[in-house]
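Contents: one structure, followed by commentary.
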Amino acid sequence: ETVLHSGSVRIRLPEPLEVDSEMPDLLGTPKRLLMPLFQQGELEVRMRGDGYVVAQNPPPGTALEPGMIIELYLE
């Protein structure tokens with residue numbers, strides 16, 4: 001079977017990850033987009049695995065405070 005198309009494909013780029021005073025919902029976020037969390041000098045980020053976030057602690061909406069530990073599990 002042959003598929004014809006215009007020769008251009010539009011790909012939607014993911015929005016940059018922003019971290020402010022609350023923990024964002026990171027489920028489904030690829031590892032490469034998690035770098036803004038590491039740039040927050042006040043937070044300790046621990047990642048286990050590779051791929052995409054499948055679980056996180058603390059949950060989305062939790063107020064972030066200096067010294068907090070963020071745990072991300074990826075598959």
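Considering amide H positions built from the backbone, and no H for Pro or chain starts, which residues 5 or more places from Ile70, or on another chain, come under 5 Å of its amide H?
Residues meeting the criterion, in which the H sits 1.01 Å from N, are Glu44, Val45, Arg46.
If I compute Cα Rg over 2.2 N^0.38 Å from the structure I just sent, which labelled value in (i) 1.06; (ii) 0.96; (iii) 1.44 lines up?
Identified label for the calculated read-out: (iii).
With a/c under 1.5 counting as rounded, go ahead and sort the stretch 32-71 into rounded, prolate or oblate using the C-alpha gyration tensor (a ≥ b ≥ c being the square roots of the eigenvalues; past the cut-off, prolate if a/b is larger than b/c, else oblate).
oblate
Quick note: the coordinates plus some simple rules give every number you see, no bench work behind them. Predicted model only: the values in this text are computed from it and were never measured.
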